[in-house]
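Asker: Please see the structure below; I have some questions.
The values are calculated or read from the model by the stated rules, or taken from the named source; none is laboratory data. Model, not experiment: these values are computed from the prediction. A quick note on method: Cβ atoms are made from the backbone with ideal geometry, for glycine too, and the neighbour counts reach across all protein chains shown. Note: accessible area is taken over every heavy atom of the protein model, side chains too, but ligands, DNA and RNA are not part of it. Shrake-Rupley method; radii C 1.70, N 1.55, O 1.52, S 1.80 Å.
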Amino acid sequence: MALSFLPLLDWIALVWFLVCWVGYTQYARIQHGKRPTIANQLAANREQWIEKMLKRDVKISDMTGLGILQRNVTFFASTTIFIIAGLLTVLGSTQQAINLLSALPWIEIASRAAWEVKIILLVICFAYAFFKFTWSMRQYNFAVVLFGAAPDQSGDPEEHKLFIKHTNWLLSRASNSFNYGLRAYTFAIAVLGWFFNSWIFILCSSIVVLVLYRRECRSATLDALYNASHHSNEKTLPDYWG
């Protein structure tokens, strides 16, 4: 009885959404060590970047590139704050929103509680994204410090290897946190389907998983990254207009 404020189909759709999100996240982590993915190919490309950086006397271009990555994350973090504020405003004006949207024939509003649960789920998605973006931003800040403390070109080769290994590890963590934040945005788009009906929510959650899998594990962009770090066994790329 405590769960009766949502119909059974809504609970099924919500569980399916969580299975898709958590399940795909775990699947992506497992695939990271088994096959080429966007994440591990970027790690290989970053390793090459750091190796070349250590051979340059002037590292202004490297610091600029790192700053661009950091600004991208900062943009999403600040944007997420405005989205959360807007959602909380809508949550505080629930009845007005229901009265406005109930006139639309394709919007399904079972009850006030159901509407609030859907808004709260969106807030949770974007709050998760905010924490991931801010942590990514901080890690890029730490990477700036490491870039500034990079060993000299004529330094000990063993010191160079350790620097490359740990700097790449930190940058990979920052990149992964940013990716988790973007993934939360993508699944939040699926939640919008819940405002139509539960079947559309289930369909949108499934489509998001397929889109993420296609982009991170089967895309031409992945093949391009692979070719850039593996100069043998080059993969054929489609026309770049595609």
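Asker: Asn168 - would you say it is touching a helix residue (DSSP H, G or I) at 6+ places or on another chain (Cβ under 8 Å) and surrounded by 14 or more Cβ atoms within 10 Å (Cβ to Cβ)?
Answerer: Here the answer is yes, as Asn168 does meet what is asked.
Asker: So Met53 ticks every box in (1) within 28 Å of Arg218 (Cα to Cα); (2) among the aliphatic types (A, V, I, L, M); (3) open to solvent by less than 50 Å² (accessible area, probe 1.4 Å) but one. Which box is left unticked?
Answerer: With (1) within 28 Å of Arg218 (Cα to Cα); (2) among the aliphatic types (A, V, I, L, M); (3) open to solvent by less than 50 Å² (accessible area, probe 1.4 Å) applied to Met53, the lone miss is (1).
Asker: Let me ask something else about it. State whether the residues of segment 142-153 include one that is charged (D, E, K, R) and in a helix (DSSP H, G or I).
Answerer: The answer is no, given that none of the residues of segment 142-153 is charged (D, E, K, R) and in a helix (DSSP H, G or I).
Asker: Still on this structure, I have one more. Which one of the conditions (1) open to solvent by 30 Å² or more (accessible area, probe 1.4 Å); (2) farther than 22 Å from Asn227 by Cβ; (3) part of a helix (DSSP H, G or I) does Leu66 fail to meet, given that it meets all the rest?
Answerer: With respect to (1) open to solvent by 30 Å² or more (accessible area, probe 1.4 Å); (2) farther than 22 Å from Asn227 by Cβ; (3) part of a helix (DSSP H, G or I), Leu66 is out only on (1).
Asker: How many residues are among the small types (Gly, Ala, Ser), open to solvent by less than 10 Å² (accessible area, probe 1.4 Å) and at pLDDT 90 or above when one looks only at segment 105-140?
Answerer: 2
Asker: Could I ask something else about it? Pairs under 9 Å by beta carbon, first residue within 30 Å of Ser154 (Cα to Cα) in segment 57-80, partner β-branched (Val, Ile, Thr), six or more apart or different chains?
Answerer: Once the first residue is within 30 Å of Ser154 (Cα to Cα) and sits in segment 57-80, its partners that are β-branched (Val, Ile, Thr) give Asp62/Ile50; Met63/Val144; Leu66/Val144; Gly67/Val144; Gln70/Val144.
Asker: Filter segment 20-36 down to residues that are loosely packed, with under 14 Cβ neighbours inside 10 Å and more than 14 Å from Leu212 (Cβ to Cβ) and give me whichever is modelled with the lowest pLDDT.
Answerer: Filtering segment 20-36 for residues that are loosely packed, with under 14 Cβ neighbours inside 10 Å and more than 14 Å from Leu212 (Cβ to Cβ), the one modelled with the lowest pLDDT comes out as Gly33.
Asker: Give the number of residues within segment 149-160 that are free of Cβ contacts under 8 Å to residues at least 60 places away in the same chain and surrounded by fewer than 12 Cβ atoms within 10 Å (Cβ to Cβ).
Answerer: Residues meeting the conditions: 6.
To keep it simple, each residue is scored yes or no on (1) at pLDDT 85 or above; (2) among the acidic types (Asp, Glu); (3) open to solvent by 20 Å² or more (accessible area, probe 1.4 Å); (4) not in a helix (DSSP H, G or I).
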residue: Ser177; (1), (2), (3), (4): yes, no, no, no
residue: Tyr185; (1), (2), (3), (4): yes, no, yes, no
residue: Gly193; (1), (2), (3), (4): yes, no, no, no
residue: Tyr213; (1), (2), (3), (4): yes, no, yes, no
residue: Tyr226; (1), (2), (3), (4): no, no, yes, no
residue: Ser232; (1), (2), (3), (4): no, no, yes, yes
residue: Lys235; (1), (2), (3), (4): no, no, yes, yes
residue: Pro238; (1), (2), (3), (4): no, no, yes, yes
residue: Trp241; (1), (2), (3), (4): no, no, yes, yes
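Asker: Then there is this: Hey, Ala143 hits all of (1) at pLDDT below 95; (2) open to solvent by 20 Å² or more (accessible area, probe 1.4 Å) but one; which does it fall short on?
Answerer: Single failed check for Ala143: (2).
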